[in-house]
Amino acid sequence: MKKIILVYGSIAGLILAAWMIGFTALGKMEDFENGMIYGYASMIIAFSFIYVGISKYKAQMPESTITFKQGFMVGLYITLIASTFYVLAWLIVYYTMAPDFMEKYLAFTIEKMKGNNAPQAEIDAYVKEMKSFNEMYKNPLVNMAFTYMEVIPVGLLMSVISSFLIKRRK
């Protein structure tokens, strides 16, 4: 089981890390309109290896049976490994390639709010909140925690779906 988790967690993690670093190098990191689509697409592609990993694990089981819990645990561990790759890649990107990411994102969202005719008081409150968040986000541990919270839910969802599908498959 450990080998399956390490192999498929690493494959998923490398996909996530390569996608993030590649998109940053290509200048796509600043495409805030579509950035979420790119990011979550990479997560879905990478976490599809959870299904493959659980399938491989099931194939090693006697009589090829697996419980939902067993499948979910394999998916969870794959998720944790892949998510760690993602977090480490983000730290590299954030501190070396895009140290001004938060400032650019703030400028983008302010322009969007102005375009939507948001009241100045609302914009000012948002700016104050984001500047406070930005200071907090400069701490690597806080940065890591928020980045894990971004990716782990997708992996957990894929683990639940994959475990359910593989358990039902005869």
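The values are calculated or read from the model by the stated rules, or taken from the named source; none is laboratory data. Treat the numbers as computed from the prediction; the structure is a model and nothing was measured. Here the Cβ positions follow ideal geometry from the backbone for every residue, glycine too, while neighbour counts run over all protein chains shown.
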Do the conditions hold for T84, that is, is it touching a Phe, Trp or Tyr at 6+ places or on another chain (Cβ under 8 Å) and either among the aliphatic types (A, V, I, L, M) or at pLDDT 90 or above (or both)?
no
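When you look at S64, is it free of Cβ contacts under 8 Å to residues at least 60 places away in the same chain and of a type outside the set (A, V, I, L, M), yes or no? Lay out the reasoning, then the answer.
Values: free of Cβ contacts under 8 Å to residues at least 60 places away in the same chain: yes; of a type outside the set (A, V, I, L, M): yes.
Criteria met by S64.
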For residues that are small (G, A, S), part of a helix (DSSP H, G or I) and surrounded by fewer than 20 Cβ atoms within 10 Å (Cβ to Cβ), tally how many sit in the stretch 1-28.
4
Cβ pairs under 6 Å, 6+ apart or interchain, first in the stretch 26-49 and under 18 Å from L106 (Cα atoms), second aliphatic (A, V, I, L, M) and surrounded by 12 or more Cβ atoms within 10 Å (Cβ to Cβ), ordered by first then second residue, are M29/A98
All but one of (1) touching a Lys or Arg at 6+ places or on another chain (Cβ under 8 Å); (2) surrounded by fewer than 18 Cβ atoms within 10 Å (Cβ to Cβ) hold for I66; state the number of the condition that does not hold.
(2)
So which residues in the stretch 112-162 are polar (S, T, N, Q) and surrounded by 13 or more Cβ atoms within 10 Å (Cβ to Cβ), if there are any at all?
N134, N143, T147, S159, S162
Go through the residues of the stretch 29-37 one by one and say whether even a single one is at negative phi and surrounded by 20 or more Cβ atoms within 10 Å (Cβ to Cβ).
yes
From the options K104, K138, residue that is free of Cβ contacts under 8 Å to residues at least 24 places away in the same chain, under 23 Å from Y86 (Cα atoms) and among the charged types (D, E, K, R):
K138
Considering residues that are over 25 Å from the mean Cα position of the chain (by Cα) and among the β-branched types (V, I, T), the number found within the stretch 111-154 is 2
By residue number, the members of the stretch 88-108 that are modelled with pLDDT under 90, loosely packed, with under 15 Cβ neighbours inside 10 Å and assigned to a helix (DSSP H, G or I) are M97, E103, K104, A107
Being out of contact with any Asp or Glu (no Cβ under 8 Å at 6 or more places or on another chain) and either in a helix (DSSP H, G or I) or charged (D, E, K, R) (or both) is the filter here, so list the residues in the stretch 109-123 that pass it.
T109, I110, E111, K112, K114, G115, Q120, A121, E122, I123
